[in-house]
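Here is the structure we will look at, set down as structure tokens.
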Amino acid sequence: MRRIFSLLFIVIPALEIVVLVLSGQAIGVWPTFALIVATGIIGAFLAKRQGIYTLQRVKDELMRGHIPSDALLDGVCILVGGMLLLTPGFITDTVGFMLLLPLARKKIKPWLVRLFKWMFYTKTWMYIRK
């Protein structure tokens, strides 16, 4: 798992640079810069709005005595999506917007649940920190 994360930390930024350079050549430097800034602003707005709504859902479920697992998973997706949207690049922006869209999140959450279960049952999370 650590090797996969290490590879992603090398490959994703390299791909982002290639896409940004190609975008700069295709539409120009300033329009590319404007798109990066616009996605950051829109992403921050959407993440804040959905984050507040999700916190309210967590609070409501806790007040009813329920475990807010679905709302907490939404919160994790929104947090990661917001962080990706603040990161310059079109690939991370695409993934970030997907994590902020409720319809896409609905498709992603079962996969995340399986990933978390696998990590905790195989104790893989212990090896990530080393």
Margin query: Given the criterion within 20 Å of the chain's Cα centre (by Cα) and farther than 27 Å from PRO110 by Cβ, identify the matching residue among ILE41, ILE78.
Written below: ILE41
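Would region 31-38 turn up any residue that is within 28 Å of LYS106 (Cα to Cα) and surrounded by 14 or more Cβ atoms within 10 Å (Cβ to Cβ)?
Of the residues in region 31-38, the ones within 28 Å of LYS106 (Cα to Cα) are 35-38.
Retained after the next criterion (residues that are surrounded by 14 or more Cβ atoms within 10 Å (Cβ to Cβ)): 35-36.
Yes; the residues of region 31-38 include at least one that is within 28 Å of LYS106 (Cα to Cα) and surrounded by 14 or more Cβ atoms within 10 Å (Cβ to Cβ).
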Item checked: region 1-38, residues that are under 29 Å from TRP118 (Cα atoms) and not in a helix (DSSP H, G or I) -> MET1
Checklist line | Condition check for MET119: modelled with pLDDT under 85, surrounded by 15 or more Cβ atoms within 10 Å (Cβ to Cβ) and either in contact with a Ser or Thr (Cβ under 7 Å, 6 or more places away or on another chain) or assigned to a helix (DSSP H, G or I) (or both) | finding: yes
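Which is modelled with pLDDT of 90 or more and surrounded by 15 or more Cβ atoms within 10 Å (Cβ to Cβ), of GLY51, GLY28, GLY43?
None of the other options fit; the residue is GLY51.
Would region 76-93 turn up any residue that is assigned to a helix (DSSP H, G or I), over 20 Å from THR39 (Cα atoms) and out of contact with any Gly (no Cβ under 9 Å at 6 or more places or on another chain)?
Filtering region 76-93 for residues assigned to a helix (DSSP H, G or I) gives 76-86, 90-93.
Then drop every residue that is not over 20 Å from THR39 (Cα atoms), which leaves none.
Looking for residues that are assigned to a helix (DSSP H, G or I), over 20 Å from THR39 (Cα atoms) and out of contact with any Gly (no Cβ under 9 Å at 6 or more places or on another chain), one finds none in region 76-93, hence no.
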Notebook entry, point to check: Are there any pairs with C-beta distances below 7 angstrom linking a residue in region 11-23 that is in contact (Cβ under 8 Å) with a residue 40 or more places away in the chain and within 13 Å of PHE33 (Cα to Cα) to a residue that is assigned to a helix (DSSP H, G or I) and polar (S, T, N, Q), with the two at least 6 apart or on different chains, and if so which?
Noted result: LEU20/THR32; SER23/THR32
Next item on the list: Being among the charged types (D, E, K, R) and touching a helix residue (DSSP H, G or I) at 6+ places or on another chain (Cβ under 9 Å) is the filter; apply it to region 1-25 and report the residue that is surrounded by the most Cβ atoms within 10 Å (Cβ to Cβ).
Entry: GLU16
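Residue-wise test of (1) surrounded by 11 or more Cβ atoms within 10 Å (Cβ to Cβ); (2) farther than 28 Å from GLU16 by Cα; (3) modelled with pLDDT under 90.
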residue: ARG64; (1), (2), (3): no, yes, no
residue: ILE67; (1), (2), (3): no, yes, yes
residue: ILE78; (1), (2), (3): yes, no, no
residue: GLY81; (1), (2), (3): yes, no, no
residue: ASP93; (1), (2), (3): yes, no, no
residue: LEU100; (1), (2), (3): yes, no, no
residue: LEU115; (1), (2), (3): yes, no, yes
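The values are calculated or read from the model by the stated rules, or taken from the named source; none is laboratory data. Note that this is a predicted model, so its numbers are computed, not measured. Note that each Cβ is placed from the backbone with ideal geometry, even for glycine, and that neighbours are counted across all protein chains shown.
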